[in-house]
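Heads up, the thing below is written out as structure tokens.
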Amino acid sequence: MITQEIKEFLDLQKLGYVATVNSDGSPNLSPKGTIIGWTKDTLAFANIRSPDTIKNLQSNPNIEINVIDPLLRKGYLFRGKAKILQEKLEFEKIFNHYRKNGVKSPINSIVLVDVTSVSEVTSPLYDMGISEQEIKSKWKKHFESL
């Protein structure tokens, strides 16, 4: 399910969005900069500053994660069930992975997501026959002008 191509994509993209459900049923969307493909069936992210996300997952483990390349306007939507890891063997392995890859922030816990589905996300511009290079060029110019 989580191919090597997806893992490499996640390593390149430094920002994704995690959706959970608040206790009143309203949505919670939280940016995350530590989303990784851990195994062929799991994603992980570090709880660095995520009190609402963690609180929501403790009562409802359903989660969606969206990671998009801002220039290509392509990416992935992951759905699954999350579990919160603290001070276990798997926590230590993932924690050490983050430290080895330069994450210096305090990590309170690790969220491990058992992925149940993966969908590709693409901009409707591709449906109109606009090429990947044209889209990338347009958005690169936009960001450079900021």
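The values are calculated or read from the model by the stated rules, or taken from the named source; none is laboratory data. Quick caveat, the model's predicted, so the values are computed rather than measured. Here Cβ is always computed from backbone atoms with ideal geometry, including for glycine, and neighbour counts include all displayed protein chains. These accessible areas exclude ligands, DNA and RNA; they are computed on the full protein's heavy atoms, side chains included. Shrake-Rupley method; radii C 1.70, N 1.55, O 1.52, S 1.80 Å.
Things to note:
- Residue list for region 1-32, restricted to those being among the aliphatic types (A, V, I, L, M) and in contact with a Pro (Cβ under 7 Å, 6 or more places away or on another chain): 15, 19, 21
- Any hit, region 7-19, residues being in contact with a Leu (Cβ under 6 Å, 6 or more places away or on another chain) and in contact (Cβ under 8 Å) with a residue 12 or more places away in the chain: yes
- Scanning region 1-20 for residues that are out of contact with any Asp or Glu (no Cβ under 7 Å at 6 or more places or on another chain), surrounded by 17 or more Cβ atoms within 10 Å (Cβ to Cβ) and not in a helix (DSSP H, G or I) yields 16, 18, 20.
- Check on residue 29, in contact with a Phe, Trp or Tyr (Cβ under 9 Å, 6 or more places away or on another chain), without any contact (Cβ under 8 Å) to a residue 24 or more places away in the chain and either open to solvent by 50 Å² or more (accessible area, probe 1.4 Å) or within 12 Å of residue 111 (Cα to Cα) (or both): yes
- Of the listed requirements (1) loosely packed, with under 15 Cβ neighbours inside 10 Å; (2) free of Cβ contacts under 8 Å to residues at least 60 places away in the same chain, residue 94 misses just one: (1).
- Tally, over region 88-128, of residues that are on the phi < 0 side of the Ramachandran plot, not in a strand (DSSP E or B) and not acidic (Asp, Glu): 23
- Residue 24 open to solvent by less than 70 Å² (accessible area, probe 1.4 Å) and of a type in the set (Asp, Glu): no
- Residue in region 36-78 that is most open to solvent (accessible area, probe 1.4 Å), counting only those that are within 23 Å of residue 139 (Cα to Cα), of a type in the set (A, V, I, L, M, F, W, C) and within 11 Å of the chain's Cα centre (by Cα): 68
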